[in-house]
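The values are calculated or read from the model by the stated rules, or taken from the named source; none is laboratory data. These numbers come from a predicted model, not from an experiment. With ideal geometry, Cβ positions are generated from the backbone for all residues, glycine too; neighbour counts draw on all protein chains shown.
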Amino acid sequence: MTTATSIQLDDDLKGRIQHLADAHQRTSHWIVREAISQYVEREEKREALRQDALNAWKEYQRTGLHLTGEEVEEWLASWGTENELPPPVCHK
């Protein structure tokens with residue numbers, strides 16, 4: 001189900017949207033919907049990443065377990081090589 005929502009745009013932005021719509025052979029309505037959809041998806045992913053980081057920080061504060069950047073970089077650098085290393089083990 002879709003519902004109509006109206007927004008007010010200044011003339012400059014409306015003209016830019018119309019220019020893109022013309023260039024892509026789409027309607028300005030399609031451009032606006034696509035822009036909003038992409039923005040919402042990006043912000044949802046950003047919020048999920050933020051929540052993951054907060055949860056990881058809380059877990060670290062609770063347990064003290066961690067890896068150093070050097071440990072992670074060494075492990076990642078080994079990926080795809082003959083001497084690929086196992087994942088490092090968290091420590092205090």
Worksheet item: What single numbered condition from (1) farther than 30 Å from Pro87 by Cα; (2) out of contact with any Ser or Thr (no Cβ under 7 Å at 6 or more places or on another chain); (3) free of Cβ contacts under 8 Å to residues at least 12 places away in the same chain fails to hold for Val32?
Response: (3)
Fill in: Residue that is closer than 30 Å to Asp12 by Cα and surrounded by fewer than 10 Cβ atoms within 10 Å (Cβ to Cβ), where the choices are Gln25, Gln38
Gln25
Fill in: Tabulated pairs, the stretch 1-21, first closer than 15 Å to Arg33 by Cα, second assigned to a loop (DSSP other than H, G, I, E, B), C-beta under 6 angstrom, 6+ apart or interchain
Ala21/Thr27
Item to complete: Return the only residue of Arg42, Arg16, Arg50, Arg46 being modelled with pLDDT of 95 or more, basic (Lys, Arg) and over 22 Å from the mean Cα position of the chain (by Cα).
Response: Arg16
Item to complete: Output the qualifying pairs, or none if there are none: Cβ atoms under 7 angstrom, residues six or more apart or on different chains, first residue in the stretch 49-76 and touching a residue at least 24 places away in the same chain (Cβ under 8 Å), second residue surrounded by fewer than 10 Cβ atoms within 10 Å (Cβ to Cβ) and not in a helix (DSSP H, G or I).
Response: Gly64/Lys92; Leu65/Lys92
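So that you can scan it fast, the table gives a plain yes or no per residue for (1) of a type in the set (Phe, Trp, Tyr); (2) at positive phi; (3) surrounded by 12 or more Cβ atoms within 10 Å (Cβ to Cβ):
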| position | (1), (2), (3) |
| --- | --- |
| Thr5 | no, no, no |
| Leu9 | no, no, yes |
| Ile17 | no, no, yes |
| Trp30 | yes, no, yes |
| Glu34 | no, no, yes |
| Arg46 | no, no, no |
| Ala53 | no, no, no |
| Gln61 | no, no, no |
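Within the chain, which helices (runs of 4 or more DSSP H) (wholly inside it) include 2 or more residues that are in contact with a helix residue (DSSP H, G or I) (Cβ under 9 Å, 6 or more places away or on another chain)?
Values: elements: 11-23, 28-63, 69-78.
Result: 11-23, 28-63.
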